[in-house]
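Peer 1: The structure under discussion is supplied below as structure tokens; questions concerning it will follow.
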Amino acid sequence: MLFVAIGILVIVLNVANIGPFGAWNWEFFGDLWKFTVPFIFAVAWWIYSDLSGLNKRREMERMEQKRKDRRKENLVSLGMDTRARRKARKQQP
């Protein structure tokens, strides 16, 4: 997402003629490649994160955290202590 934001920022700076970005042209054999570099990096990052399983691991961690939060919420709404089972095990000989 960072690379996409950088690419959009470069385009906005070019359209507004701010700094060295304002001097870049949009010709195919000119400076067009400079505008596409951040977007190419973004695509490369997305491909890497998908192939390495990074996205799936993050999704699984979020789902696990939601499950834990939902369990705690349900126990609190029932008036039960979230650590009640641990206390009960410690009290039994």
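The values are calculated or read from the model by the stated rules, or taken from the named source; none is laboratory data. Everything quoted here is computed from the prediction, not taken from an experiment. Every residue, glycine among them, receives a Cβ derived from its backbone with ideal geometry; neighbour counts consider all protein chains shown. Only protein heavy atoms, including side chains, enter the accessible area calculation; ligands, DNA and RNA are left aside. Shrake-Rupley method; radii C 1.70, N 1.55, O 1.52, S 1.80 Å.
Peer 1: Just to confirm the number: angle between the C-alpha axis of helix 54-77 and the first principal axis of the chain, 0 to 90 degrees, nearest 10?
Peer 2: Long axis of 54-77 versus the principal axis of the chain: about 40 degrees.
Peer 1: Where a ≥ b ≥ c are the square roots of the eigenvalues of the C-alpha gyration tensor, would you call the stretch 1-43 rounded, which needs a/c under 1.5, or, failing that, prolate if a/b is larger than b/c, or oblate? Numbers along the way, then the final one.
Peer 2: Working: a/c = 3.04, a/b = 1.29, b/c = 2.35.
Oblate, since a/c reaches 1.5 and b/c is not below a/b.
Peer 1: Could you state how much accessible area Asp50 has, in square angstrom rounded to the nearest 10, with a 1.4 Å probe and all protein chains kept in place?
Peer 2: 100
Peer 1: If you don't mind, there's one more thing I want to ask. Calculate the radius of gyration of the Cα atoms of the chain to one decimal place, then report Dmax, the largest Cα-Cα distance, as a whole number, both in Å.
Peer 2: Gyration radius and largest Cα-Cα distance of the chain: 25.6, 81 Å.
Peer 1: Now for a separate question. Rounded to the nearest 20 debye, what is the charge dipole size of the chain about its Cα centre when +1 sits on each Lys and Arg Cβ and -1 on each Asp and Glu Cβ? Mind dumping the intermediate values first?
Peer 2: On the way: 17 positive and 9 negative charges, 302 e Å.
So the dipole magnitude of the chain works out to roughly 1460 debye.
Peer 1: Also: Within the accessible area of the stretch 10-89, what % is carbon and sulfur when the probe is 1.4 Å and the other protein chains stay in place? Each step should come with its number before you reach the end.
Peer 2: Values: 4180 of 6760 Å².
Percent of accessible area from carbon and sulfur atoms in the stretch 10-89: 62.
Peer 1: Quick one: accessible area per residue over the chain, 1.4 Å probe, rounded to a whole number of Å²? Show your work: numbers first, answer last.
Peer 2: Working: 8080 Å² over 93 residues.
I get 87 Å² per residue for this part.
Peer 1: Can you work out the PRE-style zone for Val4? Point 7 Å along Cα to Cβ, and I want the residues of the stretch 43-60 with backbone N under 19 Å.
Peer 2: Hits in the stretch 43-60 for Val4 at 19 Å: 43-59.
Peer 1: On the full set of protein chains, 1.4 Å probe, figure out the accessible area of Met63 and give it in Å² to the nearest 10.
Peer 2: Estimated to the nearest 10 Å², Met63 gives 120 Å².
Peer 1: Further question: How far apart, in nm, are the 7 Å Cα→Cβ label points at Ala44 and Lys68?
Peer 2: 3.6
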